[in-house]
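J.: Below is a structure I'd like to ask you about.
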Amino acid sequence: MNSYAPILVLGGLAAGFAVFSVVSGMLTGPKRYNRAKLEAYECGIEPTPQPVGGGRFPVKYYLTAMLFIIFDIEIVFLYPWAVRFDSLGWFGLVEMVFFILTVFVAYAYVWRRGGLEWD
């Protein structure tokens with residue numbers, strides 16, 4: 001149990017700070033509500049009513065999400081590989097080249113579909 005004590009203390013401090021921040025914000029913050037503050041915020045764009053079926057989103061939203069996931073997964077695999085590079089030898093290098101080629105194919109797909117062009 002002694003080895004877990006610092007983790008439990010840090011978790012308790014984090015939870016205490018979160019509760020303190022929320023409570024102090026509710027107690028000290030201004031309480032002037034108006035119609036604009038109660039509406040949904042959509043990046044500064046006036047919200048528009050959605051069709052009953054939900055409407056269609058442009059493909060760029062999905063391509064941007066896919067690009068984020070691709071690079072996020074790439075970093076998750078590249079960091080441990082870089083740490084253990086010396087002990088992996090040629091096998092690790094060849095496997096990482098295949099992985100990078102796979103990521104490049106996904107990147108090329110997103111680039112070809114226009115996911116990197118912003119209007």
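Every read-out reported here was derived from the displayed coordinates using simple, explicitly stated rules and does not represent laboratory data. Note that this is a predicted model, so its numbers are computed, not measured. Positions of Cβ are backbone-derived with ideal geometry, glycine not excepted, and every protein chain shown enters the neighbour counts.
J.: Quick one: what are the phi-derived ³J(HN,Hα) couplings along the range 72-83, Karplus 6.51/-1.76/1.60 with θ = phi - 60°, whole Hz, x for glycine and proline?
T.: 5, 5, 4, 5, 4, 8, 6, 5, x, 5, 5, 5
J.: To make sure I understand, if each residue's beta carbon is the centre and we count other beta carbons within 10 Å, what order do ILE75, ILE70, ILE100 fall in, fewest to most?
T.: ILE75, ILE100, ILE70
J.: Which whole-Hz couplings ³J(HN,Hα) result when phi for each residue of the range 19-31 is put into the Karplus expression 6.51 cos²θ - 1.76 cosθ + 1.60, θ = phi - 60°, listed in order with x for Gly and Pro?
T.: 5, 4, 5, 5, 5, 5, x, 5, 7, 9, x, x, 10
J.: Only counting other Cβ atoms within 10 Å, I'd like THR64, THR102 sorted with the fewest neighbours first.
T.: Least crowded to most crowded, the residues run THR102, THR64.
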